[in-house]
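Here is the structure we will look at, set down as structure tokens.
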Amino acid sequence: MVTRIYSRLLISTLVLCSVLCTALGTTDALASSVNTPWPARKPTPALNLTDLDGKTWRTTDLAGKVTVLNFWASWCEPCRDEMPTLARLAKIPFDGQVNALQVLTVNYQESESRVRRFLDVAAIGLPALLDRDGQVTLAWTRRIFPTTVVIDARGQARFTITGEFDWSGRDAEQLLRPLLSAPTLSPNPLRK
């Protein structure tokens with residue numbers, strides 16, 4: 001109970017700092033985040049969204065690779081600042097494997113044209129899934145942006161990073177390396 005209250009207080013403080021830094025025009029001081037383990041009793045939510053190319057992504061598509069699932073919005077300055085590091089992460093080979101992980105982005109309730117305009121200007125090159133009604137984001141996050149959920153190769157959510165994070169830095173490698181070096185087991189044997 002105390003941990004839950006502390007976690008909520010910490011996340012609230014992070015959001016308040018984000019709002020203040022954005023209002024004051026500075027985000028350098030905000031390059032911080034909160035890493036929270038995925039709750040042991042909370043199942044990995046369903047994912048059934050279409051990307052800008054018309055491809056449908058489902059939870060079952062995530063099995064077999066470590067997945068970095070980033071929830072964002074174009075109006076969110078920390079999201080915009082974090083995006084290039086996600087793009088760099090997608091290109092980093094881990095132990096010589098270029099495709100050891102996949103990075104997907106989920107846009108929160110913005111129009112397809114707005115998302116396309118943002119991605120064209122930012123030249124990110126990552127799959128952008130559209131959460132038009134916000135229900136998938138609500139199932140996976142507390143609707144604090146950016147939030148990134150890291151999913152293991154078995155398709156199980158492992159932890160959440162709330163706030164801006166440098167995904168191309170050493171901290172990201174330390175978080176991801178245990179998942180990437182774990183023996184690849186078949187996806188959940190209960191799933192058919």
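The values are calculated or read from the model by the stated rules, or taken from the named source; none is laboratory data. Nothing here was measured: the structure is a model prediction, and the numbers come from that model. No Cβ is skipped: glycine too gets one built from the backbone with ideal geometry, and neighbour counts run over all protein chains shown.
Here are a few things to note about the model shown:
- Among residues of the range 41-80, those that are assigned to a strand (DSSP E or B) and among the acidic types (D, E), counted: 1
- Complete set of residues in the range 111-154 that are over 16 Å from the mean Cα position of the chain (by Cα), aliphatic (A, V, I, L, M) and in a loop (DSSP other than H, G, I, E, B): A123
- The range 155-177, residues that are modelled with pLDDT of 95 or more, assigned to a loop (DSSP other than H, G, I, E, B) and crowded, with 19+ Cβ neighbours inside 10 Å: G163, E164, F165, W167
- Lone qualifier among A90, A100, A123 - being in contact with a Gly (Cβ under 9 Å, 6 or more places away or on another chain), modelled with pLDDT under 95 and aliphatic (A, V, I, L, M): A90
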